[in-house]
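The next block holds one structure in the form of C-alpha cells; read it before the comments.
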Amino acid sequence: MSYIIDVDGGGTFTDAMAIDVQGRVITGKAPTTAHRLRDGLLESVKDAASRLDLALEQLLTQTSVFRFRIRNDAHRGGML
C-alpha cells in the first residue's frame, strides 16, 4: 500500500491525514508543540499509523509523498 501524508501544524493541535491509493483517509491528531514542532508532527502521524494498525516506521516506509505546512504564528523560535 502507498500513502500520501499531509500534516497541518499550528494552533492547538497538529493534524495528520494518511491517504491511501483507494482514497481512504485516516486521520491522526496530537497537541502542537511550538517549542519542538517535530514532536507534534511525529505524534500526529503516529496516531494515524496506529489507526491503520501500523507502526510509525511502517507507515513512513510506505509513504510516497509527505507534506507539512505550518501556520506562521505556531513557530516561535523552535526548531523542527
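The set of residues in region 17-72 being aliphatic (A, V, I, L, M), within 12 Å of MET1 (Cβ to Cβ) and not in a helix (DSSP H, G or I) consists of ALA18, ILE19, VAL21, ILE26, LEU52, LEU54. Being modelled with pLDDT of 95 or more and hydrophobic (A, V, I, L, M, F, W, C) is a property that holds for ALA16. Consider ALA34 against the criteria (1) over 17 Å from PHE13 (Cβ atoms); (2) more than 12 Å from the chain's Cα centre (by Cα): it satisfies all of them except one. Which criterion is unmet? Every condition holds for ALA34 apart from (1). Listed by first and then second residue, the pairs linking a residue in region 49-63 that is over 13 Å from ARG24 (Cβ atoms) and touching a residue at least 24 places away in the same chain (Cβ under 8 Å) to a residue that is of a type in the set (S, T, N, Q) and part of a helix (DSSP H, G or I), with Cβ atoms under 8 Å apart and 6 or more places separating them unless they lie on different chains, are ALA49/GLN58.
The values are calculated or read from the model by the stated rules, or taken from the named source; none is laboratory data. Everything numeric here is computed off the predicted structure, so don't read it as measured data. For neighbour counting, all protein chains shown are included, and Cβ atoms are generated from backbone atoms with ideal geometry for every residue, glycine included.
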